[in-house]
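Encoded as structure tokens, the structure appears first; notes follow it.
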Amino acid sequence: MQAFLKMGKLGEPSASPSTSGAPKKKTKNLPWVEKYRPKTVEDVVEQREAVSVLQQCILGADLPNLLFYGPPGTGKTSTILAAARQLFGDLYKERILELNASDERGIQVIREKIKTFSQLTANSSRADGKLCPALKIVILDEADAMTHAAQAALRRTMEKETKTTRFCLLCNYVSRIIEPLTSRCTKFRFKPLNQSFVLERLQEICQVEDVLINDDILNVLVKESGGDMRRAITALQSCANLKGKGSHITLENVYEVLTVVPSKWVNSFWDLCKKPSDIKEIIQFIDDLEQQAYPIQKVYEHLNDFLMDSENIDDRLKSEIGEKLAESSFRSSCGRGDFTNLLDFAVHTQEILTEPLERRRMQALENAKFTTILGLS
Amino acid sequence: MKKLTTNKWKSFEFGPPEKDTKENQSTTRKLKNLQPKKSLKSVKGSKTNNNLDFHKIIEPKVVSDLIIHPKKVQELEGWLNTVLGGSKKETHKKIRDEYQDRVKKGESVALKYRNGFPIIEIKAQTTGPTGSGKTSTVRLLCKQLNVDVTEWTNPVDLDYEIIRGPGQAAKFLEFFSDSKYPSLFSTNKKKVLIVKDFPNAIVRNPDEFFSILEDVHFQTTHPVIFICTDSNSNETNLQRNLFPEEVLLKYSISNITFNSCAPTLLKKGLKRALELLQAYPDTFTLPLNIIESIIASSMGDIRCAMNQLYLASIHAETNLPLIKIIGSKRKKNDQPNTIKHMRRDETLGLFHGLGRVLNPKKIEQNGTWRLNCDMQKLVDEFTIQPAKFASFLFENYLKYFGDLEDIEQAAEILSFSHKLLENWDSGETLTIALWIAVLGLMVCNQHKVSRWNQIKGPKKIEKEVCDNDVFRLHPSDRYYYNLITKSDKYHKFKCGT
Amino acid sequence: MSLLWVDKYRPKDLSTLDYHTQQAQELKNLVEHGDFPHLLVYGPSGAGKKTRIMCILKELFGTGVERLKSENITVTTPSNKKVEIMTINSNYHIEINPSDAGIYDRVVVMDLIKKIAQSQQIAITNNQREFKVVVLTEVDNLTKDAQHALRRTMEKYSRNCRLILCATSLSPIIPAIQSRCLPIRVPAPTIEEISTIISKICKKEDTAIPATLIEKISKSVNGNLRRAILICEACKVENNLQPNRELPEPDWKVFIKQTATIITHRQSIENIMVVREHLYELLASGIPPEIIFKELITALVLKCDKQIIPQVLQEASTYEYRMWQGNKHIVHMEAFVVKFMCLYQRHLKDLLKDF
């Protein structure tokens, strides 16, 4: 995934050890995210804390259990993989066990698979004669998707196997990892990447892969992928595949691949919500919007931005609209009620912005008389 | 005293009468021992003996004692006669004719040919609910026709391997092949095999059973009777699992279905039992007034009825108040917990439960009211299938409401509880959902309409099947298809004014 | 029976597509590139998603994909229940609608894809790819459970199996799946594009059709090209091509509008029962619940006073949300109808009070 490396070796990819062994055809089909993963810890940029600790470890310090957390595409997996490669050299394949959320990861697997793996003995020297720690690393990707029971099972294993095995937990939300586990690990927060780093990286890839793209469009791509290196690189590759060799990537391509909703649609919708427009007009607009098939979730995201940025709405109203927005957006994601939810949002925003608060309160009280005895919603 | 009787009851339960009767125990056991009071000391020693005799006494002795519908008995008798009477060739012919009739009627019958002659296996399968007298009828009929009966019993070997492994099935097969040889103790040539206990291995794996059937089909020379008990649950329903339609046809198995015993017949049977028991006034004191209530609570299960009679007769002697409760209340279909274990399992039917919820009874008191219903029990009854109960409620609730605003709340409650019911992985949520639906509907129904309504089952929405030629046609476009082809292949909505 | 016009004039190649030609060219590039990703094709109904999918398949595997046969496949659930599901397949691809299996969609997705993915393409000749394609339609109707299963299967068998997912709305699709697929948006064609296509077809059919009628049809269908062609053919069959004729409106739409009238006409228990029957009829004839809901809401909202609209919509979105949580759609639809009746009735009473 996120490879924030400044790769000095980028110019001659064939010389890099990982690609030279594989047959040519395979390299071609390798996703770029894999192909341009950082090869050494030094190549990883920005996450200074983690990098400096790992550098110490490579030089011989003891490796602690690690917990990396942060938004997707910030280099968590890349960092640990690069470190492992440097630590173990060619042995690296045998010394790490990588489990991600797509593998079955119930308690059973934690117990069996990790146990068997950690019981293998590790030698303290590499094939090329260099010394390396007599350790193995278990990488648990997307650890926050593990059940609490499985996490609890891991706790014991972690302690028992501490002589031979180190664990590296990767997750997006550290709050979903149970306390006993976090306390056993050294935590590192991975910050979202600065857009200039992503841009730089993409430019390098474009050069190597002969991708034709304007800097402006590349900028848009970087901006829309929101500091997620993996997403940016995947999008770039998809665009390149769609275009074929020799033609320029257009802005439309980028928008399509990243499923961006053009702002003119959201703008007019927002305008429609703000003024007391006729219900027919709104229905017609939503119909048209649905015909364009833009992802409605993106529309909600945009609306949120508009709401936050609009200065002529006072904060109390903003919070009311925001609440409605959250509700509509959530309900949209649970089913196929895009139409109803958008309409509901539009009408309510209108009401909030046009009717005075007191009157709405009165109405709400009036209705409360008739609402259900259980107060369910 | 009470303790004693419970003991007796239990021991009674564990020793199924059918098996014990096979042992050669005489009916002339000293009867005074049977009196519960006196048997206090001998409880441990002669428990089984005590209980045995009751059943022996009231057991039907001849066919006319049976309280099975005469037509049913005739059907079975007819089958036995067909199978046993006459030569094998004739039998085959007879059954074949019968089958050909069925073929003519359009039913598909697979006939097997061996040596150029169609072989129709001589087998019957009797099915019916528990305690409808299947086994007794078969036995007595055989006795009357002077036919030997060989019954398969599950081996109660302690050897684990034999019970679990393929051994059991193999033994089952052995049972059939051994039956070819006549018994040493009998000169009777006619013999019927009865299979009532199905080996567990087979119940779990119907395919194995089918292969055994295939073998049996060629090996046995005697008619086989399979006795299956109807059951509500899918897993234990032997009839459906082991004898699907195609198997019945393939091996020409006739199916004789028994129904639950009719109340009138049951009454007759109970009366006969009472008469028989009059002979032992020391042992059994018989409260004559309870027959009606026994019939009502046994729901046509003869065995259950007899057991209740037995228990009642013991209780009556000791004058326990319990029996009075049973006698007086059971008629109203309301059972105190104390006798719960006596009744058949289905204590509260679905329809009954629906009636309670949809037609709530209230007790008004000092301006407030509360619901007159044992809610906990009601909910407990349906926790196994809450979704089914909820959909029944939805299907029927409208007719019992008299006010729109009540319905507003009721509809909201139903919708909410259905939403909760979707979390089927958590049992607790389901129970809560059921509580909400049940209690909510009862409380909301403030203007109830009391009238008789037919209970409807939940509608199953079956989408129209798409034909291949228009598979890509979206349901909302089928209207145009009808227009274009000038047909009404698809559903047309009646748009009146 | 001869083919419907919709099928007869369905483009078979990426290069013969009538609109979104730029996208078609790009799809061609994608296929040629060799590294074919999972696709997620989305767009409103009648915009041509399926047509494009078939074109892509043809581009990938050649004319072999046009030899279609339909087959019923049986999948056994863990609880030993047998679920039968209809598939359309060729030697290279299989098309299923997993939501046909209701709550068993997860099992179908896992089982079927596993089966298909594990059987490798036997002879790899020059034109053949080393993967098979599984086309899943209506993925937006898949339960969340099934979607997670799908994501797992996607990764596991990505070597010899590619998925093409087809959906009308992206909202219900979990981000994990969206991020693993290349999204292909198929917006509805514009009115002009529809008009051009219709007149082209009519020319081939030797049917003289007035331009005003074409325009009328194109405008009435809300971007649903398939429906436009169907209407056109229906007009032809009726032998009425007058420019000022009424266009046939689907009976289910009329039916829903009538249901709305019943609701606003009188609010009573009898009417609730009538509405229930109507809803059952609609569901049974296969009209998707979202369409019923949408049409019903539109009809009701246009009938009622502006003051109660926000509340009505609030309730509508609540019940629609609940509806999507499960399979008993009717319960929630009815709850909404009852709620609406009560709101409406109360509002009427309020109005009368003021006089």
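Each reported figure results from applying straightforward, stated rules to the coordinates on display, with no laboratory input. Since this is a predicted model, take the numbers as computed values, not measurements. Note: ideal-geometry Cβ built from the backbone for every residue, glycine included; neighbour counts use all protein chains shown.
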For chain C, take the longest principal axis of its alpha carbons; what is the angle in degrees between that and the long axis of helix C:309-325, to the nearest 10 within 0 to 90? 40
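With both bridge residues required to lie in chain C, what share of the DSSP beta bridges run antiparallel, to the nearest 5%? Write out the running numbers ahead of the final one.
On the way: 11 of 28 bridges.
Beta bridges within chain C, antiparallel portion: roughly 40 percent.
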Helix axis angle, C:251-265 relative to chain C longest principal axis, alpha carbon, degrees: 30
Using Cα pairs under 8 angstrom and six or more residues apart, how large is the relative contact order of segment C:251-354, in percent? 33
Semi-axes of segment C:5-185's equivalent ellipsoid from the Cα gyration tensor, sqrt of 5 times each eigenvalue, largest first, rounded to whole Å? 25, 19, 16
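Hey, got the average number of other protein chain Cβ atoms within 10 angstrom for residues in C:37-46?
Working: counts 5, 0, 0, 1, 1, 4, 4, 5, 3, 4.
For this peptide, the per-residue mean of nearby foreign Cβ atoms is 3.
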Normalised by the number of residues in chain C, what is the relative contact order in percent for Cα pairs under 8 Å and 6+ residues apart? 15
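Within a 10 angstrom radius of each residue's Cβ in C:279-292, how many Cβ atoms of other chains show up on average? Whole number is fine. Please list the in-between numbers first.
Values: counts 0, 2, 4, 4, 4, 7, 11, 12, 7, 4, 3, 6, 5, 1.
Taking all residues of C:279-292 together, the mean is 5.
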Non-local amide H neighbours of C:Cys161 (under 5 Å, H modeled in plane, Pro and chain starts lacking H): which ones? C:Lys132
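I'd like the mean, over residues of A:256-269, of how many other protein chain beta carbons sit within 10 Å of each residue's own Cβ.
Details: counts 6, 4, 1, 6, 0, 0, 0, 0, 0, 0, 0, 0, 0, 0.
That works out to 1 on average.
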Local net charge near C:Ser99, Cβ-Cβ under 9 Å (Lys/Arg +1, Asp/Glu -1): -4
Which order, highest average first, do B:386-394, A:336-344 follow once you tally other Cβ atoms within 10 Å for each residue and take the mean per peptide? A:336-344, B:386-394
Please list the radius of gyration and Dmax for segment A:195-258, considering alpha-carbon atoms only, with Å as the unit. 10.1, 28
Relative to the first principal axis of the alpha-carbon coordinates of chain C, what is the inclination of helix C:289-303, with its axis defined by its Cα atoms, in degrees from 0 to 90 and to the nearest 10? 30
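Below 10 angstrom from the Cβ of C:Glu26, what's the summed charge of the other residues (Lys, Arg +1; Asp, Glu -1)?
Net of charged neighbours comes to 0.
Looking at chain C, identify the longest residue range that excludes and avoids all GluC sites (Glu not before Pro) in DSSP loops having at most 10 other Cβ atoms within 10 Å.
Details: sites that count: C:Glu130, C:Glu246.
Answer from the scan: C:1-129.
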Net lengthening on full extension, A:Ala122/A:Leu357 (0.36 nm per residue, minus Cα-Cα): 77.6 nm
Over segment A:29-189, with a single point scatterer placed on each C-alpha, what log10 of the ratio I(q)/I(0) does the Debye formula yield at q = 0.09, 0.21 1/Å? -0.27, -1.56
Could you compute how fast segment A:263-364 diffuses translationally, taking Rh as the Kirkwood radius over C-alpha pairs and applying Stokes-Einstein at 4 °C with viscosity 1.567 mPa s? Give it in µm² per second. 93
With both partners inside segment A:29-189, how many of the DSSP beta bridges are antiparallel, as a percent to the nearest 5? 5
